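Here it is: the structure, laid out below.
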Amino acid sequence: MQSSRKPILTPRETAAWRGFLVVHAGLVRELDRELETAHGLPLHQYEVLLVLASSDGGRARMSELADRVLLSQSGLTRLVDRLERAGLVARERCEQDRRGLYARITDEGQRRFAEARVTHLDGVRARFLDRFEPE
């Protein structure tokens, strides 16, 4: 099915899209810097801990985790390697499928996530949500 829309963006549409990208990148950079400074935990590591902390049993299959944090399998593997070395995540074999692996948040990972969560949510509110009316 072909769209009836124009194949290129108008100058106004382009400006809006680029503006969104600039604001998004700046917001992510600020939130990342804040978490790194306060907790030594970059935003992408926080996101993995968030997914695991909110998953059943505190664990997720590596393939599912990669999809949820928008990383490639290899990118997630390297990230989980770093989290595992820091004692925040452990890998477990899948009992049903011996080839499959889970990433599981550790007690230390839960503790670090809980500390960082307050900082992150305060940053999200201050830099994004507080700019909107509740309606």
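Laboratory data are not the source of any read-out in this text; all were calculated from the coordinates shown. Values in this document were obtained by computation on a predicted structure and should not be read as measured data. Here Cβ is always computed from backbone atoms with ideal geometry, including for glycine, and neighbour counts include all displayed protein chains.
Could you pull out every residue, at least 5 positions away or on a different chain, whose amide H is within less than 5 Å of the one on Cys94? Hs are placed 1.01 Å off N in the peptide plane, and Pro or chain starts have none.
Gly100, Leu101, Tyr102
Which residues make up the longest stretch of the chain that has no trypsin sites (Lys or Arg not before Pro) in a DSSP loop with at most 10 other Cβ atoms within 10 Å?
Between exposed loop sites, the widest span is 6-97.
Between Gly87, Gly123, Gly100, find the one with the highest GNM mean-square fluctuation for the chain; connect C-alpha pairs within less than 10 Å.
Gly100
Tilt of helix 11-39 relative to the longest C-alpha principal axis of the chain, in degrees (0 to 90, nearest 10)?
30
Whole Å is fine, so just give me how far the alpha carbon centre of the stretch 1-63 lies from that of the stretch 109-127.
After rounding, the separation between the Cα centres reads 16 Å.
Moving to a separate point now. Let me make sure I get this right: for the stretch 56-135, a, b and c are the square roots of the gyration tensor eigenvalues over alpha carbons, sorted descending. Under 1.5 in a/c it's rounded, otherwise prolate if a/b > b/c, else oblate. Which is it?
Cα axes put the stretch 56-135 in the prolate bin.
Note down the relative contact order for the stretch 1-118 as a percent, whole number, built from C-alpha pairs under 8 angstrom at least six residues apart.
Over the stretch 1-118, the number comes to 23 percent.
Same structure, new question: Taking the simple approach of a point 7 Å from Cα along Cα-to-Cβ for both Arg117 and Glu135, what is their distance in nm?
With each label placed 7 Å out from Cα toward Cβ, I get 3.2 nm.
Then there is this: With a Förster radius of 30 Å, plug the Cβ-Cβ distance of Arg127 and Ala53 into 1/(1 + (r/R0)^6) and report the FRET value to the nearest 0.05. Walk me through the numbers on the way to the answer.
Details: r = 22 Å, r/R0 = 0.74.
Taking R0 as 30 Å, the efficiency between Arg127 and Ala53 is 0.85.
Calculate the FRET efficiency for Arg104 and His24 from the Cβ-Cβ distance with a Förster distance of 35 Å, rounded to the nearest 0.05. Walk me through the intermediate numbers first.
Working: r = 31 Å, r/R0 = 0.88.
So the FRET efficiency works out to roughly 0.70.
Right, here's the next one. For the pair Asp67 and Leu9, what calculated FRET efficiency results from E = 1/(1 + (r/R0)^6), where r is the Cβ-Cβ distance and R0 = 41 Å, to the nearest 0.05?
Numbers: r = 29 Å, r/R0 = 0.71.
For R0 = 41 Å, the calculated efficiency reads 0.90.
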